Every structure is written in C-alpha cells, then in structure tokens.
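Any read-out appearing in this document is the output of simple, stated calculations on the displayed coordinates, not a laboratory observation. These figures come from a predicted structure and were not determined experimentally. All Cβ positions, glycine included, derive from the backbone under ideal geometry; neighbour counts span all protein chains shown.
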Amino acid sequence: MSRILVFQHVAAEPLGTLDPLIRRRGHRVKFVNFERQPDARPRLDRYKGLIVLGGPMNVEDRDARPHLQTEIEVIRDALAQGKPVLGVCLGAQLLAHALGGEVRRHTTSEIGWYELASTAAGRSDPVFAPLGDSAPIFQWHGYTFGVPEGAAHLARTGTCENQAFRYGDNAYGFQFHLEMDKPLIERWLNLPAYRDELIAAGLGRDAESIRADTHPRIDAMQERAHAVFNNFLDLIGTPARRRKLAAGA
C-alpha cells in the first residue's frame, strides 16, 4: 500500500486541489493535524513521501509550539531517506530551516494575487516548469526564507525574492499557494483572524479586491498547479496495485 504523510497545522489550510490528484493516483493519505495532536511524533518509515502544509504560525514559534521542531526532524529524516518532500508556505519555511536556510519576517506581507517570475532553473525544472516564464499566483505570508546552500532558486516576485526552491532531485519548497480554489480563498477571506491579518498588512487591498482579482486568474493557476502537482507526484510514483489495473485496462 502506498501512503503519503501530510502535516496539517490548521483546518483552514488543507491540501486543497492537491487532495483529489493524490487520491486519483491511488495513494492513501495520512494526516497529522498538529492543531489537534500537538504532541504527535509521526514516523516516516511507512510512507513514500511527505507534504507539509501552511499555517499561521512561524518557525520562530518552536518554543511555544514544539511540534514545529518535531516536523523539522521528520523533514530531515525524509531528506536522509531520499523521499520526496513538498513544503507549502510554512512548510517551505520549515524545509528551508531544516536545510540551514534563514527564515525571518519579510519587509512586507504578500496577500492576494502576485505575478510569479520563474528563474532559468525554474523554467527548466522537471516539476516546476509548467509555471512557465511567469504566472499569476496566490499568496498569503508575512515571512520569507533564504534559499538553502546547494538548493536551486526557482522563482521570485517583485516584492519577495525567494518564492521557490528545489533541494536535490525531489525536495521542493513553495512560498505561495498553488492548492487554492475559489471556495478555499473565500474561506480565508471570511475567517476573522485572516481578515485581521489582511487589514494589518496595510497593502491597500481588501477582501473585495482579492475576490475581484480571483475570478480572472484562478482557472489559469489551477491548470498550471495540476501539472506541477502531478509532476511532483510522479516522483513518489504510482502504487503497484494501480499500475496493475492500468496495465490490464
């Protein structure tokens, strides 16, 4: 049985559009929700890959939230075992920290839609390439990471230099949220804590303007996101049972 381990930090930040792509491949998903199980000590041995999702906390909160250190240790185990890792937003920051990269508060928050520009390494990357030279992308973060030593820098925006990196052949950190769809964006815009963060960021935009920006951009992002996610899932592979079924079709 092929299983993927997923670290979730709050109910409002799920796998999103990545979830059906994983299940369509025939993988089982094991969620560890650290909001509900802060003392969980998951082991990676039985899993083919690791996905670490976003959340409102930060790497520097390790003293108050010891599970963040637990996650960093599991990420390092995954890297040592050569298993594919995908970090999204907070997950990317945890991956960067596990690799020795700096994580700090950014000079400005990014919330809403931004134009992502791929580097030469990003345009040729086997997972990241479907994003092309540039693409509108959804963001929600106030912290940033330094690209770890030895990692490939894959993308930037005009307001945040380090948006994505690859370490080795199969570990990826994405600062942005490719997994979003309209209902999930709407959910975030209606959550009091997220709405307060948007107001406090002082970006000159509000929930209504983000909604207006979403309508013309979401479909194109989802199409590219599906291609990127499927490329990442190719690194994990297809369960033997699903391969046999496909061969017999």
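Miscellaneous remarks
- The residue among GLY202, LEU235, PRO192 whose Cα reaches farthest toward the positive pole of the charge dipole of the chain, with charges on the beta-carbon of Lys, Arg, Asp and Glu, is LEU235.
- Point-charge dipole on Cβ atoms (K/R +1, D/E -1) for the chain, about Cα centre, debye to 20: 1340 debye
- Geometric extent, Cα atoms of the stretch 3-243 - Rg, Dmax (angstrom): 16.7, 52
- Span-like helix ranges in the chain, DSSP H, alpha carbon extent 30 angstrom or more, Kyte mean at least -1.0: 207-236
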